[in-house]
1. B:Lys9 label point, 7 Å along Cα→Cβ, cut-off 17 Å on backbone N: hits in the range A:52-74?
2. Filter chain B for me: DSSP H helices, axial length by Cα at least 20 angstrom, mean Kyte-Doolittle hydropathy not below 0.0. List them by residue number.
3. Which order do you get for A:Tyr38, A:Tyr263 if you rank them by accessible area with a 1.4 Å probe, largest at the top?
4. For chain B, what does the helix formula give at 222 nm: sum of -39500 (n - 2.57) over DSSP H segments with n ≥ 4, over the residue count, nearest 500 deg cm²/dmol?
5. From the Cα gyration tensor of chain B, with a ≥ b ≥ c the square roots of its eigenvalues, which class applies: rounded if a/c is under 1.5, or else prolate if a/b is larger than b/c, or else oblate?
6. Given a 1.4 Å probe and heavy atoms of the protein chains only, how would you sort B:Trp81, A:Trp184, largest accessible area at the top?
7. With the crude spin-label approximation of a point 7 Å out along Cα→Cβ, what separation in nm comes out for B:Ser2 versus A:Ser145?
8. What is the gain in length, in nm to one decimal, between A:Arg48 and A:Asp270 on full extension, counting 0.36 nm per residue of separation less the C-alpha to C-alpha distance?
Amino acid sequence: MEKIEFSRWCLKATWQIGFPPDRKRVSQEYHDHMTDHYEALIESGVERMEARRQVLESMGDPEEVAPLLAAIHKPFWGYFLRFSRIVAIVLLVLALLPIYHYAKDLHFEETPTLRDFDIYSENSYGGDTGRTLLHLSQPDLSFRSDGNRFVITDAALITTTLSDGTSERTTLYIRMKQTSLLPWEEQDVYFDYFPVSAWFSARDSLGNTYPGYMDQSGKDESLLATTGVQSGIFTYTHELWINNFPADAQWVDICYERDGRNYSLRVYLDGGVSA
Amino acid sequence: MSKQRKIRKIVLYLLIFILSAVVICALSNAPSPTAEAAFRRKEKQQMIGPAEIVEILDFEDNRYDHLLISRSEYGYTFFEWNDSNPDDGVLSYQPRSTGATLYCTKYNYEDMSYSQGWLPIFAFTDQPAVSAKLTLTTTQDSETITYSMDAKRSGAGYFLFRWKTTGLRGSDFWLVQQMITGEYSNYILEGTTTATLELYNTKGELVETHQFPTTQ
């Protein structure tokens, strides 16, 4: 009986609180307080009816209390909390949606196979007569520039029989990974697009030079051709190749020499697995 | 929940909001807040600079509204963009040549319809010359044509030549552009181009002459 009366008092006292969760919480607090007070009076020997009357009297008129409680518990913070929670959750979900790309960043590359090198070369159209996946025995084929880390991950020499059926040519393939913690500074993926490797050049141990794709001084047959693909949120993979590469060259330097930068990675061409 | 707890939670959600927004921006190549920020981003993408901005021109000439000119110890960088989207701007880099450096904005065939009939050619030099004369000589099928133009030194220290491009012979426009920019062209161009830059002092005396293309 007393619990119903306490609940009625709480309902009347809190109905003007604007934010429903606050209303419920305040009502519960008052109800607990009244119950504690009531039980204390009973324990001290007060009769039940008298104890209930004293508790309700001590709480005052709920009609007078209601506007006071509403003034204290304004609904703004409650609704703002609810709104900010929804926005944060929606954005978090959107940020986590491309989990596949994150996974690609974390993915450890398997050992490349000889068949991995099937990119935009004429080799794709002719018949291969021999492929050699090079051993990259150098400890660190990498350099850092402008917040990026470039590392040569794979290289291969591929011999192709040309369409006349008699002559052969050798193509050098190199795969290079670019990593940046600021993906928007990594590549321009929309307009007037060229990967930064288009400004890379090469030279071999025989003294031949291979200008980058963006350097018009290079003739088609001696270019360091390149293409690239976004291979993760933070990584970009470049594939570079030189057609008509001399098979007897011992090494090749992959260079970036522009606006004060001067980097060179030497790839030795001996050794490897033939197929 | 007390007001303090609510505020603490709101701050937590705000942090989640900011972190998520940063990730989403990173994934979507978020637009640069200013044209200069777009320029700096392009520099990073092409691994050049950071260059000192020399001047920003409101460029009535062509496809783009503005042209930013900047220089570093090793070369000159040019950034063209439209107000509507600076991130779609085009960055070009021209390494310094000994004595003087030439540069022109680069067109594709598709862009030519936006041209107002002249090609801006810039000349940079450390010489304290006040005026300059640029002579372009193009040869096709053994026939040689010469184009000459004059320019005064700008306040920012360069010469801007306005080469009228209406009524030019055949591939002259593309030959000149390729010779100056030094960039690979998709088009087969038969012919040769040379340029001569003459620099004059305040008395109108010739102080220096430069030939292009320079021998490497």
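1. A:73-74
2. Working: long enough: B:3-27 (36 Å, 1.47).
Helices meeting the criterion: B:3-27.
3. Working: A:Tyr38 20, A:Tyr263 65 Å².
So, going from the largest accessible area down, we get A:Tyr263, A:Tyr38.
4. Values: 3 runs with 47 residues, N = 216.
That comes out to -7000 deg cm²/dmol.
5. Details: a/c = 3.06, a/b = 2.21, b/c = 1.39.
Taking the square roots of the gyration eigenvalues as a ≥ b ≥ c, chain B is prolate.
6. Details: B:Trp81 15, A:Trp184 65 Å².
So the residues, ranked largest to smallest area, are A:Trp184, B:Trp81.
7. Label at B:Ser2, label at A:Ser145, 5.9 nm between them.
8. On the way: separation 222, 0.36 × 222 = 79.92 nm, distance 10.00 nm.
Contour length minus Cα-Cα distance gives 69.9 nm.
The values are calculated or read from the model by the stated rules, or taken from the named source; none is laboratory data. Note that the coordinates shown come from a computational prediction; the quantities given were computed from them, not determined experimentally. Neighbour counts are summed over all protein chains in view; Cβ atoms, including those assigned to glycine, are modelled from backbone coordinates with ideal geometry. Remember, those area values only see protein heavy atoms, side chains included, never the ligands or the DNA or RNA. Shrake-Rupley method; radii C 1.70, N 1.55, O 1.52, S 1.80 Å.
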